[in-house]
Amino acid sequence: MDYVPECYQKSTLILGCGNTLFGDDGFGPAVINYLEKHFQIPDDVCVLDVGTGAREILVNIALAEKKPKRIIVVDALDCQRAPGEIFTMPVEDLPERKIDDFSVHQLPTSNLLKELRDLCHVEVILLAVQPECIPETVKPGLSKKLQDAVPKVCKYIVKNYF
């Protein structure tokens, strides 16, 4: 029998996506860090800072026999909203920059999320924040508006999914 990672056996999987080296792009990992430090994570919930490696986890979940009932993807998405604005979004509405987040050897992450939702019957929730600034060169640290959004997103997650 193949080893099934513990996170696949939980009912809810929360993935914090983003690169902490590029300003507000590190929002997802910051949310995971805050959740782990300030809240008791229920036994049936797994929180993971996946950085820029969400695709590998999503492929593994798609191929696993046992899957979570719900996947919540937390990320900074530029949708021309007010910086720090928190919103949910259907997978098919991902901005072009995120849709094209793949190499020629890999499926787009958005396609994996759609397959998990449509073919594997996993509820997929994109929980996003509008970044203020994602620099083109290395500059770690969230803007003040996104720092302020981290506890708000965490409270939303705890209230609705814990």
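The values are calculated or read from the model by the stated rules, or taken from the named source; none is laboratory data. Worth saying up front: this structure is predicted, and the values here are computed from it rather than measured. Neighbour counts are summed over all protein chains in view; Cβ atoms, including those assigned to glycine, are modelled from backbone coordinates with ideal geometry.
Points to keep in mind about this one:
- Taken over the stretch 18-37, the criterion of being among the aliphatic types (A, V, I, L, M) and closer than 12 Å to residue 49 by Cβ is satisfied by 30, 31, 32, 35.
- The set of residues from the stretch 137-158 being in contact (Cβ under 8 Å) with a residue 24 or more places away in the chain and charged (D, E, K, R) comprises 139, 145, 148, 152.
- Only one of the numbered conditions (1) at pLDDT below 95; (2) out of contact with any Pro (no Cβ under 6 Å at 6 or more places or on another chain); (3) in a loop (DSSP other than H, G, I, E, B) is violated by residue 116, and that is (3).
- Residue 44 touching a strand residue (DSSP E or B) at 6+ places or on another chain (Cβ under 8 Å) and within 19 Å of residue 109 (Cβ to Cβ): no
- For the stretch 53-71, a tally of residues being more than 21 Å from residue 153 (Cα to Cα) and in a strand (DSSP E or B) returns 0.
- Only one of the numbered conditions (1) modelled with pLDDT of 90 or more; (2) more than 20 Å from residue 112 (Cα to Cα); (3) not polar (S, T, N, Q) is not met by residue 18, and that is (2).
- Among (1) among the basic types (Lys, Arg); (2) under 14 Å from the mean Cα position of the chain (by Cα); (3) closer than 17 Å to residue 159 by Cα - the single one residue 37 does not satisfy: (2)
- Within the stretch 4-47, if we keep just the residues that are hydroxyl-bearing (Ser, Thr, Tyr) and not in a helix (DSSP H, G or I), the residue that is surrounded by the most Cβ atoms within 10 Å (Cβ to Cβ) turns out to be 12.
Each row is one residue, and each column tells you yes or no for (1) part of a loop (DSSP other than H, G, I, E, B); (2) surrounded by fewer than 15 Cβ atoms within 10 Å (Cβ to Cβ); (3) modelled with pLDDT of 90 or more.
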site: 84; (1), (2), (3): yes, no, yes
site: 104; (1), (2), (3): yes, yes, no
site: 112; (1), (2), (3): no, no, no
site: 132; (1), (2), (3): yes, no, yes
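- Taken as a whole, the structure leaves residue 65 outside the set of residues that are within 16 Å of the chain's Cα centre (by Cα) and among the charged types (D, E, K, R).
- Candidates 74, 50 - the one that is at pLDDT 95 or above, under 19 Å from residue 14 (Cα atoms), in contact with a Gly (Cβ under 7 Å, 6 or more places away or on another chain) and assigned to a strand (DSSP E or B): 74
- Positions within the stretch 18-52 being in contact (Cβ under 8 Å) with a residue 40 or more places away in the chain and among the acidic types (Asp, Glu), in sequence order: 24, 25
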